[in-house]
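> Mind having a look at this structure? Questions to follow.
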Amino acid sequence: MTSTSFLRSRWFEDLPVGEFHVFGSYTLSEQEMVDFGTSYAPQIYHTNPDAALNTRYKGLIASNWHLCSIWMRLMVDYMEGYSLGVVDGRRNGAGLGFQDLKILKPVRPGHTLTFSYEIIEKSDKILKKKWGIIKSRNEAFNHKGELVMTFVIDILAERNPKNLDQ
């Protein structure tokens with residue numbers, strides 16, 4: 001019988017630098033982009049396909065924050081899959097902040113993005129004796145394999161209770 005190692009059933013000490021996950025893919029529609037832009041990023045190149053033709057983007061593009069929102073949804077859904085059956089009360093995963101958000105190419109209606117996550121660093125800094133900090137690089141690639149979004153985020157991960165005195 002084999003056992004499954006759930007991401008959230010591991011402690012900070014168990015998470016290796018280099019661990020890599022693909023959260024999934026998502027295709028953006030024109031209507032979704034307009035709706036998000038109208039509600040949260042009311043700039044013409046996010047809200048009006050016709051008027052967007054006369055902007056530097058030469059057409060409708062997704063808002064940076066729309067892309068981040070999609071990343072968040074896919075990340076939470078993916079990570080929740082890892083935590084199924086884990087009922088020990090751990091609260092891993094709280095983010096401490098974004099760094100270096102870059103949108104490298106416009107994302108247009110009909111583009112399919114694939115989102116990934118990689119642990120790139122584990123800090124020696126410990127918060128309140130209980131939490132370690134993981135730094136991850138998060139990326140989105142379009143349907144052509146081109147990198148369109150990247151950012152770094154620091155995430156709390158609970159330390160093994162056996163190590164709390166150290």
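> Looking only at region 136-166, count how many residues are within 28 Å of ASN64 (Cα to Cα) and either among the polar types (S, T, N, Q) or in a loop (DSSP other than H, G, I, E, B) (or both).
8
> Which of (1) closer than 21 Å to MET75 by Cβ; (2) charged (D, E, K, R); (3) assigned to a loop (DSSP other than H, G, I, E, B) is the odd one out, the single condition GLU32 does not satisfy?
Single failed check for GLU32: (3).
> I need the full set of residues from region 109-126 which are in contact with a strand residue (DSSP E or B) (Cβ under 7 Å, 6 or more places away or on another chain) and over 26 Å from HIS46 (Cα atoms), in order please.
Selection gives TYR117, GLU118, ILE119, ILE120, GLU121, LYS122, SER123, LYS125, ILE126.
> Right, another one. Can you tell me which of LYS130, LYS125, LYS102, LYS144 is out of contact with any Phe, Trp or Tyr (no Cβ under 8 Å at 6 or more places or on another chain), basic (Lys, Arg) and closer than 30 Å to ASP35 by Cα?
LYS144
> Just for region 10-44: of the residues that are touching a residue at least 60 places away in the same chain (Cβ under 8 Å) and under 12 Å from ILE61 (Cα atoms), which one is surrounded by the fewest Cβ atoms within 10 Å (Cβ to Cβ)? Reasoning before the result, please.
As a first pass, look at region 10-44 and keep what is touching a residue at least 60 places away in the same chain (Cβ under 8 Å): 11-30, 33.
When the remaining residues are screened for being under 12 Å from ILE61 (Cα atoms), the result is 28-30, 33.
Values: LEU28: 21, SER29: 10, GLU30: 13, MET33: 25.
In this case the residue turns out to be SER29.
> Can you name the helices (runs of 4 or more DSSP H) wholly within region 38-135 that have at least 1 residues being within 16 Å of THR150 (Cα to Cα) and at pLDDT 95 or above?
64-83
The values are calculated or read from the model by the stated rules, or taken from the named source; none is laboratory data. Predicted, not measured: the structure shown is a model, and the values here were computed from it. Here the Cβ is made from the backbone with ideal geometry for all residues, glycine too, and neighbour counts use every protein chain on show.
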